[in-house]
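The values are calculated or read from the model by the stated rules, or taken from the named source; none is laboratory data. Everything numeric here is computed off the predicted structure, so don't read it as measured data. Quick reminder, even Gly has a Cβ in these numbers, built from the backbone with ideal geometry, and neighbours come from all protein chains shown. Ligands, DNA and RNA are excluded from the accessible area calculation, which covers all protein heavy atoms including side chains. Shrake-Rupley method; radii C 1.70, N 1.55, O 1.52, S 1.80 Å.
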Amino acid sequence: MPPIKEIKGQPTWVDYGLPDLRTLEREMRSSAVDEVEAADSHEAAIALVAQYLGFVNPAILSLTIETPMGLVTVDRKSFYHIVEKRADARERYVKMAMDTLTGPFEVWKVEYDDGSYRLAFIGAYEAKRQMLVIVAVRDGLLFWNFMQTDAKSLNKHRHGELQHQRYKPLITDKEKGQS
């Protein structure tokens, strides 16, 4: 079965006239969120992610998190793949992922070639690293993945249909009717 891919040509942040994350004003960013210390194994990374996502007991298989887009289900089994590339040590950014999920800078509805869509939660921080959290839409909203990135790369994920923004767009002099 071929992998599903994002539909090309969806409107981008540029089309919407939104600010560039590379030059985003400080007051529009969230405060930096502390990293967690990297785990020394895949199993330890899974346990760390589980702990910070609120899985306080091994018997808990799923939980829900309130977001601006509604309740998002987190299944214990759905975050194993997040930490499988050990060189990335993504578990270090789990607190930033939670912060992005509950208070995103923006949320984009991204369409895929199989007719489905996912939500891209964008986190803009006063830090070198920014955050992308992907929420799949399957019988509701399902936490799927998260990754840290720089602002330039994160701009590439700001496309589709803008669903939520934490800020009011800045009004430029041109829009005010001034030259």
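Taking GluC sites (Glu not before Pro) across the stretch 63-129, the ones in a DSSP loop with at most 16 further Cβ atoms lying within 10 angstrom of their Cβ are Glu84, Glu126. May I ask you to give the percent of accessible area on the chain that is carbon plus sulfur, with a probe radius of 1.4 Å? Using a 1.4 Å probe with all protein chains present, the chain comes out at 50 percent carbon and sulfur.
Loop-located GluC sites (Glu not before Pro) across the stretch 1-32 with a Cβ neighbour count of 15 or fewer within 10 Å are Glu25, with loop assigned by DSSP.
Ligands, DNA and RNA are left out, and with a 1.4 angstrom probe the accessible area of the stretch 36-90 is 57 Å² per residue.
Extending 7 Å from Cα along the Cβ direction at Ala87 and again at Arg138 yields two label points whose distance is 2.8 nm. In the structure shown, do any of Lys95/Lys128; Lys85/Lys128; Lys128/Lys152; Lys85/Lys156; Lys8/Lys109 have a Cα-Cα gap over 18 Å, and if so which? Pairs exceeding the cut-off: Lys85/Lys128; Lys85/Lys156. Taking trypsin sites (Lys or Arg not before Pro) across the stretch 1-43, the ones in a DSSP loop with at most 14 further Cβ atoms lying within 10 angstrom of their Cβ are Lys5, Lys8. Of Tyr93, Tyr117, Tyr16, which is the most mobile in a GNM of the chain whose springs link Cα atoms less than 10 angstrom apart? Comparing Tyr93, Tyr117, Tyr16 in the GNM, the peak value goes to Tyr16. Rounded to the nearest 500, the 222 nm mean residue ellipticity of the chain from helices alone is -4000 deg cm²/dmol, with -39,500 (n - 2.57) taken per DSSP H run of at least 4 residues.
With respect to the chain, whose longest principal axis is taken over its alpha-carbon atoms, helix 42-53 is tilted by about 60°.
In a fully extended conformation the segment linking Asp15 and Met28 would gain 2.7 nm over its present Cα-Cα distance, using 0.36 nm per residue.
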